[in-house]
Structure formats: structure tokens, C-alpha cells
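The values are calculated or read from the model by the stated rules, or taken from the named source; none is laboratory data. Since the structure is predicted, the reported quantities are computational estimates derived from the model, not experimental observations. Virtual Cβ from ideal backbone geometry, glycine too; neighbours counted across all protein chains shown.
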Amino acid sequence: MKQGKRAFQSVSSALLAVLLVTAAAVPPRAVTREEIDALMAEADGVQEQQAALEAQISEYSYEIGRTLEQKAALDAQIAELEGEVARLEAQIADCQARIEETERQLGDARERETEKYEQFRQRVRAMEEEGRMNYWMILFRATSFVDFLTRLDFVTEIMESDRRVMDELRALQAEIAGKQRELEAERLELETASAECLSKKAELDARREAANQLIIELEASRTEAESDRDILVEEAERIQAEILRLSEQLAREEEEARIRAEEEAAEAYRALREQMSVELDDFVFSEGGGGYIWPVNSRRVTSPFGNRTSPGGIGSTNHKGIDIGGVGYGTPVHAAKAGTVIISQYSNSYGNFVVVSHGSGNTTLYAHMSSRLVEAGQAVSQGDILGLTGSTGHSTGPHLHFEITVNGTRINPLIYLFQPT
């Protein structure tokens, strides 16, 4: 058996050398991961620009709404001022009509004063022409004292009547003139108020016009930003489509390269086996390759991949990995391949488990460990210790549950591993 192991190690070393040579002989791919990473970085940049434009569009929309509210308030103020101007203009027209009425009344009073004054002059002139007498001559012609008193009363009554009429006319003119001045002052006040309203209205009109212009400018800016955003959306969609196309092409090329490498390795192995006289019947070599190592030092598979009887009634009947026994508690669990830890947690079924991503939809899973020694986001090299074996979760005893996922599909890990018979 020891001789078989040494032979196996010799074949493994020789095969590894063959694999390295055949891998180096694989022609370079048309698509590289760097190209896809560059496109993804470009897509991130486009998304950042798109987010900035979305924020700018929201700001423009907010400013437009706020300006429309201000414009509505200005419209209400302008409508109120227009109503006030109309009311003042009606009052001014009414005041002007009353001023014209007082001017007519004042003219009538002046005509009456002139008329009374003319009547008085005509009476005095007639009396003078009749006897060329005045009031004193009437008095001096009295024939007795009683006649004198009678004449005096008559003259006094005439004089008082004339004076009273003249005083009344003058008082009426003064009253009308005062009323006219009041009306003129009222009209001046109304005209001043109307002028102030018109001035305020002109100011509000200017502010409303400025608001209208600002709305036009903001809407133009928003439209331009929306156009730029739409262009970026199209650019992002184009980049994502290109990323998808290149990723699919890269996956195809990697799969084709993997198949070629496996075929070449298998052919090299068969040729090497024919050349060597060492008996290798104690070992089975899968035609998988893929660069994996066994995750633990044991090679005893206690439960294979696929349909099986549920262990202890708690395990899955459709096994998506292999169970490796002969490890006990506390055996180091190694990373089968270099990558990045994407999950390190506890679940009811897997217990303590770790998932390592190797890129392009390729992952490995290590479950039922007694403890985990790595965290999500941690980069690991092939062979690094991820945890210690145990029997946590749905487990009937200490072992390691091991899974390999390729392109998002879990496959039999033994395709990629050497397994002793």
C-alpha cells in the first residue's frame, strides 16, 4: 500500500507538471476579466452621474413648484390691487362729479349774489332818480317824530333785509367753497392712493414676470437634465448589455478552455500511465481538474452526491454535496481553492458554515463545523484554514459537508477531486 501511495504521489507530481504545461499552452481568450471589470466601473460611473442628474431634476422640480406658489400669491395680490384701483377710480369719479356739482352750486350762488346786488343798486338808483334822495333824505322828510320813527323803521328794515340777503349769499358761497376744497382734498387723496396702488401693481407685475421667466428657465434646465439622464440611462443599458454579452462570452471561453485543459490533462494522464509500470488500480482519477484540493486530510466519503437515504431522518434525500468522514472534532478545514469569503454564519441545517467565492459563479461550501475562523469579505488562499470540523446543524456525527457550485449550479465535488477507492 505504501508503494501504491508513493506511485500515486509520483503520478500526481508528473500530472501536475503536465497540467501546468497544457494550461500554459491554452491560447489567450478574446475576452478578459479586466475588460468586464472596466465596463462595470464605467457602469458605476454612469449610475453615479445618473443619480446626480436625478437629484438635480428633483431640485429643479422643487424650485418650479415653489416659484409657481409664489406666482400664485403674486397673482392674488395683483387681483386684489386691481380691485382696489377700480374701487378708488370709482370713488374718484364720484368725487369729481360732486366737485362739478359744488362748482355749479357755487356758480348759482354767485349769480344770485350778483342778481341781488344788482336789484339793490337799481332800487337805490330809482329812489335817487325820483327825488335824488338817499336813506338820510327819506328820514329828514319826516313831518313828525312819529313819522320819523316810522321812516327809520322802514329804512332799517330795508337795510337789514339787504344785509341779511347779502350775508346769506356770502355764507352760502363760503360753505360751497369750503365743500369744494374738501372735495378737492378728497380727490387728491384718492388719486394718491390710486397712484400708490398702481405703483404696487407695477412692482408686482415685474415680480410676476420675473417668476414667469424663472419658471421658463427652470423648466428648460429640467428638460435638459432629463434629456441628459435619458442619454445616461441608454448608455447604462448599453454597458450592462455589453457586460452581460462579454460575461457570457467569457464563461463560454472559460468553459471551453476548462474542457480543453481537462481533455488534454486526461490524455496526458493516459499517456503517462501507459509509460509507467506503476499499478494505480487502488486510485480513481476524475476527469475534472479545476484546481481544487481536498478540504480536509481525510479522503473517506461517507455520503455521496445526489439521491440517498436521509441519514437519521434529518438529512436531505437529494444530497447537493459530499460528506467527508474520518475527521472527528476539531480537524482543520482548508479552502479548496483561493477566493473571497462571502458567507460565514450559522444556520439550522448547515450549522456553522462558510461559503467562498472563486469568481464567475464558482463557489465552495463547508458545513457542520464546530467553529468558524474567517469572516465575510476576507480573502483566502488555497489551503487557508476556514474552521474546525464538528457536528452542528442537521448532523448525525462529526464530518464535513462539502459543496462545489459552477455557474450557479451545484455539481458533484468528486468530479474535481482524487478519491481513494
Point to revise | Pair list, Cβ < 8 Å and 6+ apart or interchain, from region 54-67 residues that are over 14 Å from Ala225 (Cα atoms) to residues that are modelled with pLDDT of 90 or more and among the aromatic types (Phe, Trp, Tyr) | key: none
Review point. In region 280-330, what count of residues is obtained for those that are at pLDDT 90 or above, surrounded by 19 or more Cβ atoms within 10 Å (Cβ to Cβ) and within 52 Å of the chain's Cα centre (by Cα)?
Key: 5
Review point. Any idea which of Glu100, Glu54 is closer than 30 Å to Ser194 by Cα and at pLDDT 85 or above?
Key: Glu100
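Modelled with pLDDT of 85 or more, in a helix (DSSP H, G or I) and within 30 Å of Gln50 (Cβ to Cβ), is that true of Ser247? If you could, list the steps in order and put the result at the bottom.
On the way: modelled with pLDDT of 85 or more: no; in a helix (DSSP H, G or I): yes; within 30 Å of Gln50 (Cβ to Cβ): yes.
No: the conditions fail for Ser247.
Determine whether region 342-356 contains at least one residue that is at positive phi and either without any contact (Cβ under 8 Å) to a residue 40 or more places away in the chain or part of a loop (DSSP other than H, G, I, E, B) (or both).
no
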**Study point:** Selection count where residues are over 26 Å from Tyr329 (Cα atoms) and assigned to a loop (DSSP other than H, G, I, E, B), scope region 399-413
**Key:** 2
